[in-house]
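**Student:** The structure's right below; bear with me while I get my questions together.
Here, each number is a calculation from the coordinates, and none is a lab measurement. These numbers were taken from a predicted model, which means no experiment stands behind them. Cβ sites come from the backbone with ideal geometry, for glycine too, and all protein chains shown count toward neighbours.
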Amino acid sequence: MEENVNEEQIKIDHLNKWREKNVDPYPSEIKKDSTVEQARGMEGKTTSTAGRVVSLRSHGKSTFADITDESGKIQVYFKSDNLGEKYADLELIDTGDFISVEGEVFITKMGEVTILVHDFSLISKSIEPLPASWYGVKDIELRFRRRFLDLVVNEKAKETLNIRAKTISFLRRFMEDEGFVELETPILQPIPGVRRPDLLLRITTFSNMIFTFVLHQNFI
């Protein structure tokens, strides 16, 4: 816990230093021409993308970092020769921060798709420390209480969430095409006052009879 408190204070100090430099740590506009996945296919071209910093590796006058967005992960390469005085701003970048980068996409000798950064900017300063991506969130109760932390570092959890969202979206479109109407109705709740998942309901009339078809999302 003490380590997390110290890391949080370091992030707050960096936040204050950005503001002292008259840099808005939470700008309303960012420069982004492509997603990370699109950038990975642009070898030899210059592009700009943005994402969360999940790792930083400094080697004197050069620094490597990995950034991720909703589409994937890519390595970015900062050189002091390219960035000049701005290279020093990397000292104020922490894991968890969101940055935008602009540069040329190339492939390293190790076969890693990388962006050689010509310019970068902070687009959202992270304050709360993130769990280690290697170990993830080990506390089961914490995983369920703070799902956003698990989703940041756990690719499997993120994939499961995407599959669930796409499945529900598909079923919702299918039911709508079949004439169902989506609504929430406390009348059908087994326990009054407790919100249940949405219900899909279709009502048709035939010979003065009303037929109701209900699909409960808990069955999905």
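**Student:** Which FRET efficiency value, to the nearest 0.05, is calculated for ILE127 and ILE163 with the Förster distance at 25 angstrom and r the Cβ-Cβ distance?
**Tutor:** Working: r = 31 Å, r/R0 = 1.23.
It comes out at approximately 0.20.
**Student:** Once you place label points 7 Å from the Cα toward the Cβ at ILE107 and ASP119, how far apart are they in nm?
**Tutor:** So the label points at ILE107 and ASP119 sit 2.9 nm apart.
**Student:** Follow-up question, since we're still on this one. ASP81 to ILE12: FRET efficiency via 1/(1 + (r/R0)^6), r the Cβ-Cβ distance, R0 35 Å, to the nearest 0.05?
**Tutor:** Working: r = 31 Å, r/R0 = 0.90.
Once the sixth-power term is evaluated, E becomes 0.65.
**Student:** For a protection proxy built on the mean count of beta-carbon atoms within 10 angstrom, sort 22-35, 107-120 highest first, please. Show your work: numbers first, answer last.
**Tutor:** On the way: 22-35: 13.1, 107-120: 15.1.
Highest mean packing first, the order is 107-120, 22-35.
**Student:** Between the range 143-162 and the range 1-65, what is the separation of their alpha carbon centroids in Å?
**Tutor:** When both Cα centres are located, 21 Å separates them.
**Student:** Sequence-distant or interchain residues sharing an amide H contact under 5 Å with SER124, placed H: which?
**Tutor:** PHE98
**Student:** With each pseudo-label sitting 7 Å past Cα toward Cβ, what's the PHE64-GLU176 distance in nm, one decimal?
**Tutor:** Each label point is offset 7 Å from its Cα along the Cβ direction, giving 4.5 nm.
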